[in-house]
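The values are calculated or read from the model by the stated rules, or taken from the named source; none is laboratory data. Worth saying up front: this structure is predicted, and the values here are computed from it rather than measured. Here the Cβ is made from the backbone with ideal geometry for all residues, glycine too, and neighbour counts use every protein chain on show. Just so you know, the surface numbers come from the protein's heavy atoms only, side chains and all, with ligands and any DNA or RNA stripped out. Shrake-Rupley method; radii C 1.70, N 1.55, O 1.52, S 1.80 Å.
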Amino acid sequence: MRFLAGGPAVAGALALTLVLRPLPSPLIVVSALLTAAAMSLVWWPKARPLLAAITATAGLTGATCTLAWLTDPGIPGGPSTYVHTIAVLTLITLTVRWSAVRQAAPAVGVAAISEALLGLQITQPPPSGLDAVALTLFWSIGTAGAVGLGAYLRTLDRRRVNAVRQARRTQRLQLARDLHDFVAHDVSAMVIQAQAAQILLNRDPSEAAAALRAIEEDGARALASMDRTVRMLRELEGDSASAEPLPGLDGLPDLVRRFADAGFPDTDMRVEPSGPVPREVATTIYRIVVEALTNVRKHAPAGSSVAIQVSDETGAVVVTVADHAHDQARDQALLRLPSAERAGVGLAGLAERVQALGGEFTSGHAAGGGWVVKAVFP
């Protein structure tokens, strides 16, 4: 629609044409020039809220001038009438597109009457009776097209706004999952370490101090995850601050080491994909391992064995996290996080994410006891 913004150019072409041919009545020329100027004005952002009023004013002025000209018609409008018609149709289109319905309806109605009457300016002498009605109806076809175009553009604008709103909502939900996946893992480790520090405080102060240092490290990581999430939220609102990339396969060794130090020394990990793993898949694998280890910490006895494997199977990347409680671990008094159920909302969110990448996600009890989480990425 930007090509319609050349009001000054249109007005200049009109002025040149009028110099080269007999000059119509000022009632025709002035109203055409005013409408062309109004067409240019609406592209000024500050004038856009007044678009309906501008359209109504231009329509009322044009209709009044045409009716006044019909009382003593002279030379037909010629090019000025065509320019006037294009300007009115442009105003109608933009008003339907941008203005509120309750403001656009009366403005477009006035402009439509003005546009219909312009058809009477192109004949000499002006028609009367049924011929005049037929000509005004024919000239009104442009109004119907302008209204239809404006409504179509208005629909596209609404769809675009809704798409942006839905995309932001999806991103915010993803950020909420980030908090659950990463912060909940570190916080659960802090709870376990705090329980251990209370037990060791009198028995072994040095071990209690080590547990407190681990709490400090986990707290720092949780704060870093929240800071990353806040920066991502700012990006959604247009802030240029960049956020750190989410961890991938390269973050698994440190994650497993911290998990083993927090009471699960019998943790084994094998990461052996034959080729490069896409970043989105690698990030999702990290999330799966984080959530699985968090659930192990919540529900499995301390000292349980945990096996983590990332491998290739028939062209697919497969990640498996399985835990199994030893008999000795089942019998001893254990540090546990309070929880009523095995799985929480994290696994459900991960299943959706894996399926969005075209993969399959399963979780459930293992045949020999324990719990298995598995995801397959094509």
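Descriptive notes on the structure:
- Restricting region 64-80 to residues that are in contact (Cβ under 8 Å) with a residue 40 or more places away in the chain and buried (at least 21 other Cβ atoms within 10 Å of the Cβ), the residue that is nearest to Val101 (Cα to Cα) is Thr66.
- Each residue in region 25-55 was checked for being at pLDDT below 90 and under 22 Å from Ala68 (Cα atoms), and 14 of them qualify.
- From the options Gln103, Gln121, residue that is under 20 Å from Gly74 (Cβ atoms) and in a helix (DSSP H, G or I): Gln121
- Matching entry among Thr85, Thr95 (being open to solvent by less than 30 Å² (accessible area, probe 1.4 Å), within 45 Å of the chain's Cα centre (by Cα), of a type outside the set (A, V, I, L, M, F, W, C) and under 30 Å from Val161 (Cβ atoms)): Thr95
- Matching residues in region 115-133 - criterion: being open to solvent by less than 60 Å² (accessible area, probe 1.4 Å) and more than 23 Å from Tyr152 (Cα to Cα): Leu117, Leu118, Gly119, Leu120, Gln121, Ile122, Thr123, Pro126, Pro127, Gly129, Ala132
- Qualifying residue in region 67-83 (condition: in a helix (DSSP H, G or I), closer than 20 Å to Gly145 by Cα, small (Gly, Ala, Ser) and in contact with a helix residue (DSSP H, G or I) (Cβ under 7 Å, 6 or more places away or on another chain)): no
- Selection of region 269-317 for residues being within 19 Å of Gln193 (Cβ to Cβ) and assigned to a helix (DSSP H, G or I) yields Val290, Leu293, Thr294, Asn295, Val296, Arg297, Lys298, His299.
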